[in-house]
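Worksheet: the structure to be examined is printed underneath.
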Amino acid sequence: MGFKALGLDTCPAANAQEAKDALRRLTRESEDYAIIYIEEGLAQQLSAEIDKFKDSPTPAVILIPGREGSIGLGQSALKAAVERAVGTNILGD
Amino acid sequence: MANTTITPTRMVLNQLKGRLKTARRGHKLLKDKRDELMRQFIDVVKRNKQLRIRVEDGLTAAFGSLQVASAIMSPEMLEQALLYPRQSVELGLKYKNIMSVNVPLYSFTTKNNDPSEIYPYGFAQTSGELDDALDKLARVFEDMLELAQVEKTMQLLAEEIEKTRRRVNALEYVMIPGLEKNIKYITMKLEENENSTKVRLLKVKEMVLQDAHHYQM
């Protein structure tokens with residue numbers, strides 16, 4: 001909600017289905033959005049949709065912690081990328 | 001590559017030797033590319049880790065303030081205060097080439113440069129906590145933008161590294177040994193042919209000489 005004041009477009013989504021529809025809409029509109037921030041809680045249920053954008057330059061789908069605080073999903077995305085590139089986790093945690 | 005259909009001729013041998021040379025050079029180049037990508041990747045990962053922690057802390061704090069603000073103000077008031085943004089952000093998108101991987105570079109320009117312009121409401125009817133929350137949010141936003149850039153770069157690099165690694169391994173463990181094996185097979189076959197030709201010639205010479213002069217060699 002606060003992001004709107006910063007000049008970002010916001011799409012409220014109450015559940016996974018709404019979030020999925022919103023994500024599809026945002027990514028379809030002829031690549032108007034380069035970055036999409038999505039709350040971790042919702043992203044958890046949309047991982048299949050989000051993974052689709054992993055290898056394309058736009059849009060960047062970035063997970064941010066929701067109101068309840070971080071659940072570590074963003075960190076695990078980092079770990080997954082490292083594991084993918086190196087074959088093993090070299091970060092040591 | 002237990003390729004049994006190769007014909008043991010000099011022409012094929014030359015072809016194979018050429019291919020082996022190319023494969024070796026490609027292997028070396030790809031290996032260098034992989035190492036360089038890996039170096040960049042590690043930098044990006046470190047940066048990403050820092051930013052991720054900073055953004056998550058910042059956002060948690062901002063949301064906390066927002067929570068306090070929403071506790072103090074009525075939900076209608078809060079919604080009204082944030083209903084129409086005064087600030088707008090233009091996101092510029094460029095691409096940077098890291099080892100033939102196109103990674104995005106974001107640049108953002110805000111319509112109003114005055115930092116106090118993030119508050120889309122008058123101060124009379126809103127609480128100070130809301131200002132606080134928006135201030136925190138605005139500060140974390142720059143980090144969020146960089147996080148987006150770094151995270152996307154990381155994902156794209158990870159993909160490229162994976163591809164390159166596969167290619168290096170395919171060359172190192174499949175292509176090059178296979179080519180070497182075939183080359184060895186052809187050289188041995190050619191030597192064998194040469195030997196049998198030599199023996200045949202000796203035999204023929206012996207027979208001819210015996211025929212002509214009744215020599216005994």
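Key figures for this structure:
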read-out	value
Ranked by how many other beta carbons lie within 10 Å on average, peptides B:47-60, B:90-103 from highest	B:47-60, B:90-103
Residue-averaged beta-carbon neighbours from other chains (10 angstrom radius) around A:52-63	5
Sorted by Cβ density within 10 Å, fewest first, the residues B:H27, B:H213	B:H213, B:H27
Relative contact order of the stretch B:25-212, pairs being alpha-carbon contacts under 8 Å that are 6 or more residues apart, as %	31
Three-way shape label, the stretch A:14-86, alpha-carbon gyration tensor, a/c 1.5	oblate
Burial ordering of A:K52, B:K136, B:K152, fewest other beta-carbon atoms within 10 Å first	A:K52, B:K136, B:K152
Ascending count of other beta-carbon atoms within 10 Å, so fewest first, for B:M38, B:M188	B:M188, B:M38
Pairwise label distance in nanometres, A:D21 with B:Y173, each label 7 Å out on the Cα-Cβ vector	4.8
Estimated 222 nm signal from helices in chain B, with DSSP H stretches of n ≥ 4 weighted -39500 (n - 2.57), rounded to 500	-26000 deg cm²/dmol
Average beta-carbon neighbours from other chains, 10 Å sphere, peptide B:43-53	3
Peptide B:56-64, shielding by other chains (average Cβ, 10 Å cutoff)	5
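Since every read-out is calculated from the coordinates, none of them should be taken as a lab result. No experiment lies behind these values; they were computed from the predicted model shown. Methodologically, a virtual Cβ is constructed for each residue, glycine included, from the backbone with ideal geometry; neighbour enumeration extends over all protein chains shown.
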